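First the structure, in the form of C-alpha coordinates, and then the observations on it.
The values are calculated or read from the model by the stated rules, or taken from the named source; none is laboratory data. In this text, all values refer to a predicted model and were calculated from it rather than measured experimentally. Reconstructed Cβ throughout: ideal geometry from the backbone, glycine too, with neighbour counts over all protein chains shown. Quick note on the areas: whole protein, heavy atoms, side chains included, nothing else; ligands and nucleic acids left out. Shrake-Rupley method; radii C 1.70, N 1.55, O 1.52, S 1.80 Å.
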Amino acid sequence: IQPTAFIVVLQGTVLNSWKVMWVVLADDAIEFYKKKTDNSPKGMIPLKGATLTSPCQDFTKRMLVFKVRSAKNQEHFFQATHLEERELWVKDIKRAITCLQGGKKFARKSTRRSIRLPENVNLSELYVLMKDQDKGVKELKVEKDKRLFNHCFTGNTVIDWLISERKARNRPEGLMLATGLLNEGFLLPAGDVSKDGAEKGAECVFLDQTEALYYFADSGFFCEGYSSDEDVIMKEEFRGAIVKQGCLLKQGHRRKNWKVRKFILRDDPAYIHYYDPTKGENDPLGSIHLRGSVVTAVEYVPDAKRYEVDGNLFEIITSDEIHYYLQAATADERKDWIKAIQSVSKTGK
(Lines give C-alpha, C1' and ligand atoms only; values in the text may rest on other atoms or scores of the structure.)
Protein backbone atom coordinates (compact mmCIF):
# COMPACT_ATOMS: atom_id res chain seq x y z
CA ILE A 1 0.00 0.00 0.00
CA GLN A 2 1.00 3.61 -0.46
CA PRO A 3 1.48 5.57 2.78
CA THR A 4 -0.29 8.75 3.75
CA ALA A 5 2.08 11.69 3.34
CA PHE A 6 1.67 15.32 4.36
CA ILE A 7 3.76 18.04 5.93
CA VAL A 8 3.12 18.93 9.55
CA VAL A 9 5.06 20.87 12.15
CA LEU A 10 6.86 18.46 14.44
CA GLN A 11 8.18 19.16 17.92
CA GLY A 12 11.61 17.65 18.45
CA THR A 13 11.98 15.47 21.52
CA VAL A 14 15.58 16.55 22.15
CA LEU A 15 15.77 20.28 21.40
CA ASN A 16 12.10 20.95 22.19
CA SER A 17 11.80 22.96 18.97
CA TRP A 18 9.22 22.97 16.18
CA LYS A 19 10.32 22.13 12.65
CA VAL A 20 8.60 21.57 9.34
CA MET A 21 9.05 17.95 8.30
CA TRP A 22 7.74 15.57 5.61
CA VAL A 23 5.76 12.94 7.50
CA VAL A 24 4.70 9.54 6.19
CA LEU A 25 2.17 7.21 7.79
CA ALA A 26 3.16 3.60 7.05
CA ASP A 27 1.18 0.54 8.15
CA ASP A 28 3.04 0.19 11.47
CA ALA A 29 4.85 3.48 12.11
CA ILE A 30 5.06 7.23 11.51
CA GLU A 31 8.21 8.18 9.64
CA PHE A 32 9.48 11.73 9.26
CA TYR A 33 11.94 13.17 6.76
CA LYS A 34 13.78 16.48 6.51
CA LYS A 35 12.66 16.79 2.86
CA LYS A 36 10.16 14.94 0.69
CA THR A 37 12.97 13.83 -1.63
CA ASP A 38 15.08 12.21 1.14
CA ASN A 39 15.55 8.45 0.77
CA SER A 40 15.84 7.62 4.45
CA PRO A 41 13.81 9.00 7.39
CA LYS A 42 15.29 11.16 10.16
CA GLY A 43 13.23 9.22 12.68
CA MET A 44 10.35 6.81 13.22
CA ILE A 45 7.56 6.39 15.78
CA PRO A 46 6.33 2.77 16.16
CA LEU A 47 2.53 2.66 16.38
CA LYS A 48 2.13 -0.72 18.08
CA GLY A 49 0.84 0.04 21.57
CA ALA A 50 0.77 3.78 20.87
CA THR A 51 -2.00 6.19 21.91
CA LEU A 52 -3.21 9.36 20.20
CA THR A 53 -4.59 12.53 21.80
CA SER A 54 -6.49 15.11 19.74
CA PRO A 55 -7.00 17.94 20.24
CA CYS A 56 -3.88 18.25 22.38
CA GLN A 57 -4.01 21.08 24.94
CA ASP A 58 -0.38 20.88 26.07
CA PHE A 59 0.42 24.02 24.06
CA THR A 60 -2.24 26.65 24.73
CA LYS A 61 -0.92 29.09 22.12
CA ARG A 62 -0.68 26.56 19.28
CA MET A 63 -3.70 25.41 17.33
CA LEU A 64 -4.33 22.12 15.51
CA VAL A 65 -1.89 20.10 17.64
CA PHE A 66 -2.21 16.36 18.23
CA LYS A 67 -0.01 14.03 20.28
CA VAL A 68 1.22 10.48 19.74
CA ARG A 69 2.57 8.61 22.79
CA SER A 70 4.59 5.52 21.94
CA ALA A 71 4.50 2.24 23.86
CA LYS A 72 7.72 3.40 25.60
CA ASN A 73 5.88 6.56 26.82
CA GLN A 74 7.74 8.91 24.48
CA GLU A 75 5.56 11.86 23.48
CA HIS A 76 5.61 13.31 19.97
CA PHE A 77 3.68 16.46 19.05
CA PHE A 78 2.43 17.41 15.58
CA GLN A 79 0.74 20.54 14.26
CA ALA A 80 -1.33 20.37 11.09
CA THR A 81 -1.64 23.33 8.73
CA HIS A 82 -5.46 23.39 8.88
CA LEU A 83 -8.36 21.65 10.62
CA GLU A 84 -9.30 19.28 7.79
CA GLU A 85 -5.73 18.03 7.54
CA ARG A 86 -5.54 17.32 11.28
CA GLU A 87 -8.79 15.36 11.15
CA LEU A 88 -7.48 13.23 8.25
CA TRP A 89 -4.27 12.49 10.14
CA VAL A 90 -6.07 11.64 13.38
CA LYS A 91 -8.53 9.34 11.62
CA ASP A 92 -5.80 7.42 9.79
CA ILE A 93 -3.43 7.10 12.74
CA LYS A 94 -6.25 5.78 14.96
CA ARG A 95 -7.17 3.22 12.30
CA ALA A 96 -3.52 2.16 11.97
CA ILE A 97 -3.22 1.67 15.76
CA THR A 98 -6.49 -0.29 15.85
CA CYS A 99 -5.35 -2.52 12.97
CA LEU A 100 -2.07 -3.29 14.74
CA GLN A 101 -3.92 -4.20 17.94
CA GLY A 102 -6.02 -6.69 15.96
CA GLY A 103 -3.02 -8.15 14.18
CA LYS A 104 -4.03 -6.64 10.83
CA LYS A 105 -2.29 -4.39 8.32
CA PHE A 106 -3.50 -0.83 7.94
CA ALA A 107 -4.79 0.09 4.46
CA ARG A 108 -6.01 3.60 3.86
CA LYS A 109 -9.35 3.76 2.05
CA SER A 110 -9.08 7.30 0.72
CA THR A 111 -7.16 7.72 -2.52
CA ARG A 112 -5.76 11.08 -1.50
CA ARG A 113 -1.95 10.81 -1.38
CA SER A 114 -2.33 7.05 -1.68
CA ILE A 115 -4.01 6.65 -5.05
CA ARG A 116 -3.73 3.13 -6.43
CA LEU A 117 -2.27 3.20 -9.92
CA PRO A 118 -1.79 0.19 -12.21
CA GLU A 119 1.66 -1.34 -11.78
CA ASN A 120 2.55 -0.73 -15.42
CA VAL A 121 1.98 3.04 -15.19
CA ASN A 122 5.14 5.15 -15.13
CA LEU A 123 4.20 8.70 -14.13
CA SER A 124 7.62 10.10 -15.07
CA GLU A 125 7.29 8.79 -18.64
CA LEU A 126 3.71 10.03 -18.84
CA TYR A 127 4.83 13.48 -17.72
CA VAL A 128 7.47 13.62 -20.48
CA LEU A 129 4.81 12.75 -23.09
CA MET A 130 2.45 15.41 -21.73
CA LYS A 131 5.18 18.04 -22.10
CA ASP A 132 5.93 17.20 -25.73
CA GLN A 133 5.66 20.45 -27.69
CA ASP A 134 3.95 18.84 -30.67
CA LYS A 135 1.79 16.07 -29.21
CA GLY A 136 1.51 17.01 -25.55
CA VAL A 137 -0.85 19.21 -23.53
CA LYS A 138 -0.76 22.74 -24.92
CA GLU A 139 0.30 25.51 -22.53
CA LEU A 140 -1.84 28.64 -22.76
CA LYS A 141 -2.29 32.15 -21.42
CA VAL A 142 -5.55 32.24 -19.47
CA GLU A 143 -7.16 35.42 -18.11
CA LYS A 144 -9.27 34.84 -15.00
CA ASP A 145 -10.35 37.01 -12.04
CA LYS A 146 -8.31 39.98 -13.26
CA ARG A 147 -5.20 37.82 -13.47
CA LEU A 148 -3.26 36.46 -16.41
CA PHE A 149 -1.94 32.92 -15.95
CA ASN A 150 0.97 32.09 -18.28
CA HIS A 151 2.04 28.54 -19.29
CA CYS A 152 -0.99 26.78 -17.82
CA PHE A 153 -3.90 24.58 -18.93
CA THR A 154 -7.31 23.52 -17.65
CA GLY A 155 -8.13 20.32 -15.78
CA ASN A 156 -10.51 19.02 -18.42
CA THR A 157 -7.83 19.52 -21.09
CA VAL A 158 -5.58 17.09 -19.23
CA ILE A 159 -8.30 14.43 -19.05
CA ASP A 160 -9.16 14.96 -22.75
CA TRP A 161 -5.49 14.45 -23.66
CA LEU A 162 -5.14 11.29 -21.56
CA ILE A 163 -8.16 9.75 -23.28
CA SER A 164 -7.19 10.88 -26.79
CA GLU A 165 -3.69 9.42 -26.35
CA ARG A 166 -5.19 6.18 -25.00
CA LYS A 167 -3.50 6.57 -21.65
CA ALA A 168 -6.91 6.34 -20.00
CA ARG A 169 -10.04 4.50 -21.16
CA ASN A 170 -12.51 6.94 -19.62
CA ARG A 171 -12.71 10.10 -17.51
CA PRO A 172 -12.65 8.36 -14.08
CA GLU A 173 -9.49 6.53 -15.11
CA GLY A 174 -8.06 9.80 -16.44
CA LEU A 175 -8.83 11.48 -13.11
CA MET A 176 -6.96 8.74 -11.30
CA LEU A 177 -3.85 9.26 -13.44
CA ALA A 178 -4.06 13.07 -13.20
CA THR A 179 -4.43 12.85 -9.43
CA GLY A 180 -1.33 10.66 -9.31
CA LEU A 181 0.60 13.27 -11.31
CA LEU A 182 -0.67 16.02 -8.98
CA ASN A 183 0.18 14.10 -5.79
CA GLU A 184 3.70 13.37 -7.04
CA GLY A 185 4.30 17.03 -7.90
CA PHE A 186 4.47 16.69 -11.70
CA LEU A 187 1.40 18.93 -12.05
CA LEU A 188 0.71 21.91 -9.79
CA PRO A 189 -2.51 23.86 -9.11
CA ALA A 190 -2.77 27.46 -10.33
CA GLY A 191 -5.57 29.73 -9.15
CA ASP A 192 -8.16 29.44 -6.41
CA VAL A 193 -10.36 26.65 -7.85
CA SER A 194 -7.62 24.05 -8.32
CA LYS A 195 -5.85 25.02 -5.07
CA ASP A 196 -9.07 24.64 -3.09
CA GLY A 197 -9.69 21.26 -4.73
CA ALA A 198 -6.20 20.08 -3.78
CA GLU A 199 -6.71 21.09 -0.13
CA LYS A 200 -10.14 19.66 0.59
CA GLY A 201 -9.11 16.06 1.17
CA ALA A 202 -11.57 14.66 -1.34
CA GLU A 203 -10.86 11.26 -2.85
CA CYS A 204 -10.05 12.90 -6.18
CA VAL A 205 -8.11 16.12 -5.73
CA PHE A 206 -7.59 16.76 -9.46
CA LEU A 207 -10.55 18.63 -10.96
CA ASP A 208 -11.92 17.78 -14.42
CA GLN A 209 -13.16 21.35 -14.95
CA THR A 210 -12.65 24.26 -17.31
CA GLU A 211 -12.31 26.60 -14.29
CA ALA A 212 -9.49 24.59 -12.66
CA LEU A 213 -6.03 25.65 -13.87
CA TYR A 214 -2.81 23.64 -13.62
CA TYR A 215 0.78 23.90 -14.86
CA PHE A 216 3.86 21.71 -15.34
CA ALA A 217 6.21 21.71 -12.34
CA ASP A 218 9.27 22.80 -14.34
CA SER A 219 7.54 25.15 -16.77
CA GLY A 220 7.82 28.91 -17.04
CA PHE A 221 4.50 29.44 -15.21
CA PHE A 222 3.87 32.85 -13.69
CA CYS A 223 0.84 34.92 -12.80
CA GLU A 224 0.23 38.62 -13.43
CA GLY A 225 -2.47 40.68 -11.78
CA TYR A 226 -4.04 41.34 -8.40
CA SER A 227 -5.71 39.00 -5.92
CA SER A 228 -7.11 39.90 -2.51
CA ASP A 229 -4.88 37.33 -0.80
CA GLU A 230 -1.72 37.61 -2.86
CA ASP A 231 0.24 40.44 -4.36
CA VAL A 232 1.97 40.29 -7.71
CA ILE A 233 5.08 38.21 -7.17
CA MET A 234 8.05 39.53 -9.11
CA LYS A 235 11.56 38.12 -9.17
CA GLU A 236 12.96 41.40 -7.82
CA GLU A 237 11.18 40.74 -4.54
CA PHE A 238 13.57 37.89 -3.76
CA ARG A 239 16.84 39.80 -4.08
CA GLY A 240 17.04 40.84 -0.43
CA ALA A 241 18.97 38.99 2.24
CA ILE A 242 16.86 36.80 4.52
CA VAL A 243 16.47 38.48 7.91
CA LYS A 244 14.14 36.03 9.64
CA GLN A 245 12.04 32.98 8.82
CA GLY A 246 9.66 30.65 10.62
CA CYS A 247 6.09 29.40 10.94
CA LEU A 248 3.17 31.58 12.06
CA LEU A 249 -0.59 31.33 11.95
CA LYS A 250 -2.12 33.64 9.33
CA GLN A 251 -5.73 34.67 8.89
CA GLY A 252 -6.99 34.32 5.31
CA HIS A 253 -8.47 37.37 3.61
CA ARG A 254 -11.48 35.68 2.08
CA ARG A 255 -12.60 32.92 4.43
CA LYS A 256 -11.10 34.41 7.60
CA ASN A 257 -9.83 30.96 8.65
CA TRP A 258 -6.42 30.45 10.26
CA LYS A 259 -3.68 28.33 8.70
CA VAL A 260 -0.03 27.63 9.43
CA ARG A 261 2.21 29.43 6.97
CA LYS A 262 5.97 29.65 6.66
CA PHE A 263 7.18 33.27 6.47
CA ILE A 264 10.48 34.51 5.03
CA LEU A 265 11.43 38.13 5.73
CA ARG A 266 13.84 39.94 3.36
CA ASP A 267 15.31 43.41 3.80
CA ASP A 268 16.19 44.98 0.43
CA PRO A 269 13.67 45.23 -1.06
CA ALA A 270 11.47 44.97 2.04
CA TYR A 271 9.20 41.96 1.55
CA ILE A 272 7.83 39.12 3.61
CA HIS A 273 6.69 36.08 1.60
CA TYR A 274 4.45 33.36 2.94
CA TYR A 275 4.30 29.74 1.86
CA ASP A 276 2.26 26.60 2.37
CA PRO A 277 4.75 24.53 4.43
CA THR A 278 3.47 21.37 2.71
CA LYS A 279 4.75 22.56 -0.66
CA GLY A 280 8.22 23.97 -0.04
CA GLU A 281 9.58 27.40 -0.91
CA ASN A 282 9.37 27.41 -4.71
CA ASP A 283 5.84 28.75 -4.96
CA PRO A 284 4.88 31.48 -2.43
CA LEU A 285 1.19 31.96 -1.76
CA GLY A 286 1.69 35.71 -1.51
CA SER A 287 3.94 38.57 -0.49
CA ILE A 288 3.62 41.67 1.65
CA HIS A 289 5.53 44.81 0.68
CA LEU A 290 6.70 46.19 4.02
CA ARG A 291 8.10 49.58 3.03
CA GLY A 292 6.16 52.16 5.05
CA SER A 293 4.06 49.53 6.82
CA VAL A 294 3.05 49.56 10.48
CA VAL A 295 3.31 46.46 12.68
CA THR A 296 1.91 46.28 16.21
CA ALA A 297 0.94 43.72 18.84
CA VAL A 298 -2.82 43.26 19.20
CA GLU A 299 -4.93 41.49 21.81
CA TYR A 300 -7.71 40.34 19.50
CA VAL A 301 -8.73 40.17 15.84
CA PRO A 302 -12.03 42.00 15.07
CA ASP A 303 -13.73 39.26 13.03
CA ALA A 304 -12.15 36.19 14.67
CA LYS A 305 -13.97 34.10 17.26
CA ARG A 306 -12.26 33.87 20.62
CA TYR A 307 -12.05 30.09 20.59
CA GLU A 308 -10.38 30.11 17.16
CA VAL A 309 -7.29 32.08 18.09
CA ASP A 310 -6.11 33.88 21.21
CA GLY A 311 -2.80 35.33 22.40
CA ASN A 312 0.49 36.44 20.83
CA LEU A 313 -1.28 38.21 17.96
CA PHE A 314 0.15 40.99 15.83
CA GLU A 315 -1.02 43.01 12.85
CA ILE A 316 0.74 44.34 9.76
CA ILE A 317 -0.89 47.32 8.01
CA THR A 318 0.72 48.03 4.65
CA SER A 319 1.17 51.50 3.12
CA ASP A 320 -1.93 50.89 0.97
CA GLU A 321 -3.89 49.93 4.12
CA ILE A 322 -4.19 46.17 3.70
CA HIS A 323 -4.42 44.43 7.10
CA TYR A 324 -2.72 41.10 7.86
CA TYR A 325 -3.30 39.29 11.16
CA LEU A 326 -0.72 36.80 12.43
CA GLN A 327 -0.11 34.74 15.56
CA ALA A 328 3.21 33.65 17.01
CA ALA A 329 3.67 30.61 19.26
CA THR A 330 5.08 32.58 22.21
CA ALA A 331 5.25 36.16 23.48
CA ASP A 332 9.02 36.29 22.83
CA GLU A 333 8.55 35.04 19.28
CA ARG A 334 5.93 37.73 18.64
CA LYS A 335 8.30 40.37 20.03
CA ASP A 336 11.14 39.16 17.77
CA TRP A 337 8.94 39.18 14.63
CA ILE A 338 7.60 42.67 15.34
CA LYS A 339 11.10 44.03 15.94
CA ALA A 340 12.46 42.46 12.73
CA ILE A 341 9.53 43.62 10.57
CA GLN A 342 9.67 47.16 11.99
CA SER A 343 13.37 47.38 11.17
CA VAL A 344 12.88 46.16 7.60
CA SER A 345 9.88 48.44 6.99
CA LYS A 346 11.99 51.49 7.87
CA THR A 347 15.24 50.62 6.09
CA GLY A 348 14.20 48.46 3.12
CA LYS A 349 13.15 49.78 -0.26
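Spin-label model, Ile317 to Ala241: label points 7 Å out along the Cα-to-beta-carbon direction sit 3.1 nm apart. Using a probe of 1.4 Å, the accessible surface attributed to Ile322 totals some 40 Å² when neighbouring protein chains are kept in position. Sorting Ser194, Ser219 by accessible area puts them as Ser219, Ser194; the probe is 1.4 Å, largest comes first, and only protein heavy atoms count. Counted residue by residue at 0.36 nm each, then reduced by the alpha carbon distance between them, the extension gain from Asn150 to Thr347 reaches 67.5 nm. Residues in the stretch 330-345 carry Karplus couplings, in order, of 9, 5, 5, 5, 4, 4, 5, 5, 4, 4, 5, 5, 4, 5, 5, 5 Hz; the curve used is 6.51 cos²θ - 1.76 cosθ + 1.60 with θ = phi - 60°, and Gly or Pro positions show x. The distance linking the stretch 31-54 with the stretch 150-193 is 31 Å (Cα centroid to Cα centroid, whole angstrom). Placing dummy labels 7 Å off each Cα toward the beta-carbon, the span from Phe59 to Glu211 is 3.6 nm.
Using a Förster distance of 51 Å, how high is the FRET efficiency between Lys72 and Ser219, based on the Cβ-Cβ distance and rounded to 0.05? Rounded to the nearest 0.05, the efficiency is 0.60.
Rolling a 1.4 Å probe over the protein heavy atoms leaves Glu299 with an accessible area of roughly 130 Å². Apolar share of the accessible surface for the stretch 127-187: 49 percent from carbon plus sulfur atoms, 1.4 Å probe. When the pairs Lys34/Lys195; Lys256/Lys335; Lys48/Lys279; Lys48/Lys250; Lys34/Lys104 are compared against a 26 Å limit on Cα-Cα distance, Lys48/Lys279; Lys48/Lys250; Lys34/Lys104 fall above it. Asp267 sits with roughly 50 Å² accessible to a 1.4 Å probe, with DNA, RNA and ligands left out of the calculation. Dividing the convex hull volume of the alpha carbon atoms of the stretch 61-104 by its residue count gives 61 Å³ per residue. Shown are Glu125, Glu333, whose ranking by accessible area with a 1.4 Å probe and every protein chain present, most to least, is Glu125, Glu333.
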